[in-house]
1. When you check Leu63 against the structure, is it of a type in the set (A, V, I, L, M), crowded, with 17+ Cβ neighbours inside 10 Å, in a helix (DSSP H, G or I) and touching a residue at least 12 places away in the same chain (Cβ under 8 Å), yes or no?
2. Taking interchain pairs and intrachain pairs at least six residues apart, which have beta carbon atoms under 7 angstrom, with the first residue in region 3-32 and farther than 15 Å from Leu151 by Cβ and the second aromatic (Phe, Trp, Tyr) and outside any strand (DSSP E or B)?
3. So, of the residues in region 29-56 that are within 14 Å of the chain's Cα centre (by Cα) and among the small types (Gly, Ala, Ser), which turns out to be surrounded by the fewest Cβ atoms within 10 Å (Cβ to Cβ)?
4. Under the condition of being under 13 Å from Ile71 (Cβ atoms) and modelled with pLDDT under 95, which residue from region 7-28 is surrounded by the most Cβ atoms within 10 Å (Cβ to Cβ)?
5. Would you pick out the residues in region 67-84 that are charged (D, E, K, R), surrounded by fewer than 17 Cβ atoms within 10 Å (Cβ to Cβ) and at negative phi?
6. Can you work out which of the residues in region 125-146 that are of a type in the set (A, V, I, L, M) and touching a strand residue (DSSP E or B) at 6+ places or on another chain (Cβ under 7 Å) is modelled with the lowest pLDDT?
7. Out of all the residues in region 82-109, which are under 21 Å from Ile62 (Cβ atoms) and in a loop (DSSP other than H, G, I, E, B)?
Amino acid sequence: MIFDEIEDFAAALPPMRALAGLDLGDRTIGVAVSDGMRSVATPLETIRRKKFTADAEALIAILAARDISGIVLGLPRNMDGTEGPRCQSTRAFARNLARLTELPITFWDERLSTVAAERALLEADTTRKRRAEVIDHVAASYILQGLLDRLRHIG
């Protein structure tokens with residue numbers, strides 16, 4: 001089920017189970033996971049996109065193996081807050097994924113997640129080649145961490 005409101009998403013989650021964050025790109029899907037206490041997001045891996053069916057199978061395998069209880073997708077809004085074609089694509093991906101899993105799904109404004117991830121990797125003196133390999137799942141961890149921090153402030 002897809003929740004547009006974080007409070008509704010939070011109410012649908014079982015306690016003490018991990019969440020997954022996704023950074024959807026045209027060619028890749030960055031995946032991050034939280035701990036069971038939902039305090040820390042950790043970059044996990046990047047899936048090379050093929051077709052939706054193959055992408056979804058890879059994702060569902062990761063979610064099952066890690067006992068994930070909910071999914072947050074980065075929503076790539078324009079800087080003025082409006083939603084463009086990339087947001088529509090992300091929402092379509094979520095609708096298709098919701099047909100394949102019972103897990104609650106929500107969205108998180110990801111406007112500067114890739115910029116923040118890139119900055120962190122530069123500060124860590126990561127090589128250009130290594131940055132290219134990890135940027136998507138590091139960005140996914142920024143998306144997930146934003147949601148985790150927000151969940152801590154919900155009643």
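1. yes
2. That search, which allows pairs on different chains as well, returns Leu24/Phe93.
3. Going through the qualifying residues, I end up with Ala56.
4. Here the answer is Asp23.
5. Asp80, Glu83
6. Val134
7. If the condition is that a residue be under 21 Å from Ile62 (Cβ atoms) and in a loop (DSSP other than H, G, I, E, B), then Arg99, Leu100, Thr101, Glu102, Leu103, Pro104 are the ones that fit.
So that you can scan it fast, the table gives a plain yes or no per residue for (1) under 17 Å from Thr101 (Cα atoms); (2) among the hydrophobic types (A, V, I, L, M, F, W, C):
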{"position": "Leu19", "(1), (2)": "yes, yes"}
{"position": "Ile29", "(1), (2)": "no, yes"}
{"position": "Ser34", "(1), (2)": "no, no"}
{"position": "Ser39", "(1), (2)": "no, no"}
{"position": "Glu45", "(1), (2)": "no, no"}
{"position": "Arg48", "(1), (2)": "no, no"}
{"position": "Ala56", "(1), (2)": "yes, yes"}
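The values are calculated or read from the model by the stated rules, or taken from the named source; none is laboratory data. The shown structure was predicted, so the numbers you read here are calculated from the model rather than taken from an experiment. All Cβ positions, glycine included, derive from the backbone under ideal geometry; neighbour counts span all protein chains shown.
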